[in-house]
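The structure appears below as structure tokens.
The values are calculated or read from the model by the stated rules, or taken from the named source; none is laboratory data. Since this is a predicted model, take the numbers as computed values, not measurements. Neighbour counts run over all protein chains shown; Cβ positions are idealised from the backbone, glycine included. Areas reflect the complete protein model, heavy atoms only, side chains present, ligands, DNA and RNA absent. Shrake-Rupley method; radii C 1.70, N 1.55, O 1.52, S 1.80 Å.
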Amino acid sequence: MSTSLLSLFLVVVASFIGSFGAVFLKAGSKNLKSNLKSLFTNYHLAIGGLLFVISSLFFVKAISQPGAELSVLYPMVSMSYLWAMVWSRVFFGEPFTRQKFTGLGLIILGIAILQLGKSIRLE
Amino acid sequence: MSRRRKNLLTVLGCTLLGAGAQVLFKLAGTALGPSPSPMAMIVCPPLIAGYILYGISTILLSFALRNDELSSMYPIISLTYVWVMFLSVWYFRESLNFYKVLGVAVIMGGVAVLGSPGNSDPAKDGSSPS
């Protein structure tokens, strides 16, 4: 058995949902002080945390599939940088730069290389 | 210990906690099977433990990154990939091969490029600099 296409798809969904979690954390981090009260009364952080939980449920589902390899699926979470770059521009006005494209290109190349390392399917 | 050094160690600790959470998630996945019921998930000990580690790691990380430049922490955060790869091979007996090592190295390179200081981004840190 090897890591299935379903697992790969579920990780992409997880990274997509998780990237929205990061948007909310970023929005919430502005109002964060060094005390616990500010941590628990910050609804942006709460939504961000909830999205991370939902995202991780998809990830758990992905690694629950027969033959799923953590060593292939976990690094694919870096896909969230792709979404993060888009949302950073959309929601926070952060510009696209050549450097960001270079970094993302490497991440996507790395994910592609990982696929070559999946164990061979024996059925 | 300087504030920056403390933050650096906190982030490093977070990568270890995060990797531990992934191992627990994988253990939970193996125990639960491909289509678990919501009830089975809620009472699954490794899943609960995984979430606790993941939660602690996320909270510590958001505190550490609040006062520090996020960009310089990217390469450290990406160490999680190394720990997870090591644990997958050592603990779950997954195969280790050239492509997996190269793939993770290239991803880490990409993360480092994304976070390197040349990527000047005044809007990146919402909080005031320390």
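For the stretch A:27-44, the count of residues that are over 17 Å from B:Y54 (Cβ atoms), of a type in the set (K, R) and more than 10 Å from chain B (Cβ to nearest Cβ) is at least one. Checking B:W90 against (1) modelled with pLDDT under 90; (2) within 26 Å of A:G110 (Cβ to Cβ), which test does it fail? Tallying (1) modelled with pLDDT under 90; (2) within 26 Å of A:G110 (Cβ to Cβ), B:W90 fails exactly one: (1). Mind checking which pairs have a first residue in the stretch B:76-90 that is farther than 17 Å from A:A68 by Cα and a second that is among the polar types (S, T, N, Q) and open to solvent by less than 40 Å² (accessible area, probe 1.4 Å), Cβ under 6 Å, 6 or more apart or different chains? Hits for this filter: B:L79/B:T15; B:T80/B:T15. Residues in the stretch A:67-90 that are over 16 Å from the mean Cα position of the chain (by Cα) and either more than 22 Å from A:S56 (Cβ to Cβ) or polar (S, T, N, Q) (or both): A:R89, A:V90. Which one of these is of a type in the set (G, A, S) and farther than 30 Å from B:Y91 by Cα: A:S88, A:S64, A:S119, A:S71? Being of a type in the set (G, A, S) and farther than 30 Å from B:Y91 by Cα holds for just one of A:S88, A:S64, A:S119, A:S71, which is A:S88.
Checked against the criterion of being facing another protein chain (nearest Cβ under 8 Å), open to solvent by less than 40 Å² (accessible area, probe 1.4 Å), aromatic (F, W, Y) and without any contact (Cβ under 8 Å) to a residue 40 or more places away in the chain, the stretch B:29-51 contains not a single residue that satisfies it.
Among helices (runs of 4 or more DSSP H) entirely within the stretch A:23-98, having at least 2 residues that are open to solvent by less than 40 Å² (accessible area, probe 1.4 Å) and more than 30 Å from B:S88 (Cβ to Cβ) singles out A:36-40. The residues of the stretch B:54-78 that are assigned to a helix (DSSP H, G or I) and either at the interface with chain A (Cβ under 10 Å from one of its Cβ atoms) or at pLDDT 95 or above (or both), listed by number, are B:Y54, B:G55, B:T58, B:I59, B:L61, B:S62, B:F63, B:L65, B:R66, B:N67, B:L70, B:Y74. Number of residues in the stretch B:79-114 that are more than 8 Å from every other protein chain (Cβ to nearest Cβ) and either small (G, A, S) or on the phi > 0 side of the Ramachandran plot (or both) equals 1.
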